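Student: Handing you this structure, nothing more for now.
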Amino acid sequence: MNADTYQQGWIEWKTKSNGKKACRFRYWVRDESKPGEWRKAATPWEEGLTEKQAKKRLRDLMTAMECAPPKPPPAAVAKKGLTLQEFVESHWANYQSNRGIKPSTQGSNAASLKNHVLPMLGSMEVSDVSPTHISNFFRGLEDKHLSPKSVLNIYQLLHVMFEVAAEHDLVESNPVRRKLHRPQYKHKKMPIWSAENVQKILQEVPARWKALFWCIALTAVRLGELLALQWKDIDWDAKTITFGKGFWRGRLQDSTKTGQEHVRHMPASLELILAKHLEASKNIGLDDFVFCRSDDDPRPHDPDDLRREVLYPVLDRCGIQRTPRADGFHAFRREASKYLRKAVGLELAAVQLGHKQMTTTDEHYNDRDMDDLKKAAELIERAFGTSFAPEG
C-alpha cells in the first residue's frame, strides 16, 4: 500500500450469534490479479472493543500501513474455492443437525436444493454469489411454473443458508434480499367442513376405522402424530392422551412437528371408543401402536393409504365434495379450529391445535363467513343504539 492513497479505512460492526458485538477493519489493497486495480481487504472479526477503542485501532492500523506496508491480514471473507455444493455438504449439513431440524424438513430442503438450487448455483463459489445471481436464479424458476408457495419456500431456504454462510464469515453480506427476491404470496384459504359434515363422516365410517376417525376429530391433532400414538401415551385415570411423536414416510420421529408434546383431554365418548378398540386389539403392549395395520402387522397405517382407501370413499358416500390437496385428514383440524373460535374464541382454538401464536391459527385455520359479518354488524348496531335509526 502506498502512502499516496491517503485512505482512512472504515469499521464494520455486527452482532454475532452469541449476542456479542464484533467489529473488523476494512481498507483497500492492490489487486495482484488485476494490475492497476484495487480490492477490499479486512481484518478478522474482533469482540470486546468499544467504539472509541475501535476508532483508535483503525487510526493505528492506517498509520502503520502508510509507514511500512504490512503483510495482508488473514482474509475473513471466503474460503477459496468453497462452492455452494461443498457448503451444502459441510456447513449446511452441520447446521441442520445442530439445530435439530426435523427429518421431514431436511428432506424438503434437500429436494429443493437438488432439483432447483444446485443445478444453477452449485458450482459457484459461495463468496461470488451476488444479489444479481439470485435475481437471475429466481427468473429461471419462472420457466418451471412452480407454485407461489414453492417459490417462497426456496426463497426462505436460500435466505437462511446464506445467513449461516455469513455467520461462518464466508460471505460479507447475505445476497438474498427481501425487497429484491421475496416472492409475492397470499395464503390460500382452504375449505372448511361444517360440524354437520364431520357428524356425517363419523356416522358413515366403517366400524374398523371408527376409533381412528373419532380420535382425530375430537383431538384435532395431525395425522402423523395420531399414527405415532402408543398405548403407553393414554392415561386412563387422568383421562388424557399425550402426543409426543410423529410418523413420517414410514419412520417414527422422536418429536411432533413443533417439537413439543401435546396433551389432550379424553372426553367420555372417546374414552369409550378407545376402550372398545383396546379390547378388540391384539397388539396391546405399552409400546405397541394404537392404530396399527393389522393384528399381524404392528406397523402404523400408511397415511396415503388411509386417505385414498378410507377417507375419500367415506366423503363420497356422504356427498361431500372433495377439493384437491384440501380434504385430507388435516381438514378435521380446520373444522375444529373454526368451531372453537366461534364458540369460545380464538385463544382456546390455538391451545387445542397446539399453536404457540394465535396468529398462526387465525391465518391458516379460520375463514370468516356471513355469520361473522352478521354478528359484527349487529354488535355495531347495538353499540350505536337503534333509537337514532331513521323511521321508515
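Student: Ranked highest first by the average count of other Cβ atoms within 10 Å around their residues, in what order do 43-51, 335-343 fall?
Tutor: Numbers: 43-51: 12.8, 335-343: 19.9.
Averaged packing, sorted descending, gives the order 335-343, 43-51.
Student: Using the alpha-carbon atoms, what tilt in degrees (0 to 90, nearest 10) does helix 131-141 show relative to the longest principal axis of the chain?
Tutor: 40 degrees
Student: Report, in degrees rounded to the nearest 10, the 0 to 90 angle that the Cα long axis of helix 268-280 makes with the longest principal axis of the chain.
Tutor: 90 degrees
Student: Follow-up. May I ask you to order 302-313, 317-328 by the average number of other C-beta atoms within 10 Å around their residues, highest value first?
Tutor: 302-313, 317-328
Student: Against the empirical 2.2 N^0.38 Å scaling, what ratio does the C-alpha Rg of the chain come to?
Tutor: Numbers: Rg = 29.4 Å, N = 392, 2.2 N^0.38 = 21.3 Å.
That ratio works out to 1.38.
Student: Which three lengths, in whole Å and largest first, does segment 265-336 cover when its Cα atoms are put on their principal axes?
Tutor: 39, 29, 20 Å, listed from the longest principal axis down.
Student: Along the Cα→Cβ direction, 7 angstrom out, place labels at residue 145 and residue 111. What is the inter-label distance in nm?
Tutor: 1.9 nm
Student: A 26 angstrom limit on the alpha carbon distance is what I want to check against. Which of 114/149; 144/188; 16/56; 189/375; 188/356; 232/338 exceed it?
Tutor: 232/338
Student: Is the shape of segment 3-67 best called rounded, prolate or oblate, per the rule: a/c under 1.5 gives rounded, else a/b larger than b/c gives prolate, else oblate, with a ≥ b ≥ c the square roots of the Cα gyration tensor eigenvalues?
Tutor: oblate
Student: Applying a 10 Å radius around every beta-carbon, put 25-31, 94-100 in order of their mean neighbour count, most first.
Tutor: For the peptides 25-31, 94-100, the packing ranking is 25-31, 94-100.
Student: So, in nm, how far is label residue 263 from label residue 14 when the simple model puts each one 7 Å beyond its Cα toward the Cβ?
Tutor: Between residue 263 and residue 14, the label points sit 4.3 nm apart.
Student: 222 nm [θ] for the chain, helices only, -39500 (n - 2.57) per DSSP H run of 4+, per residue, to 500?
Tutor: -12500 deg cm²/dmol
Student: Taking 0.36 nm per intervening residue step and subtracting the Cα-Cα distance, what contour gain separates residue 323 from residue 384 on full extension?
Tutor: 17.8 nm
Student: With each label point set 7 Å from Cα along the Cα-Cβ vector, what nm distance links residue 60 and residue 297?
Tutor: Distance between label points: 7.3 nm.
Student: Multiply the residue separation of residue 136 and residue 49 by 0.36 nm, subtract the distance between their alpha-carbon atoms, and state the gained length in nm to one decimal. Intermediate results must be reported in sequence, preceding the final value.
Tutor: Numbers: separation 87, 0.36 × 87 = 31.32 nm, distance 3.96 nm.
Full extension of this stretch gives 27.4 nm more.
Student: Right, another one. Pairing the Cα long axis of helix 330-344 with the longest principal axis of the chain, what angle in degrees results, from 0 to 90 and rounded to the nearest 10?
Tutor: 80 degrees
Every number here is computed from the coordinates shown, using simple stated rules; none is lab data. Note that the structure is a prediction, hence the values are computed from the model and not measured. As a convention, Cβ positions derive from the backbone with ideal geometry for all residues, glycine included, and neighbour counts pool all protein chains shown.
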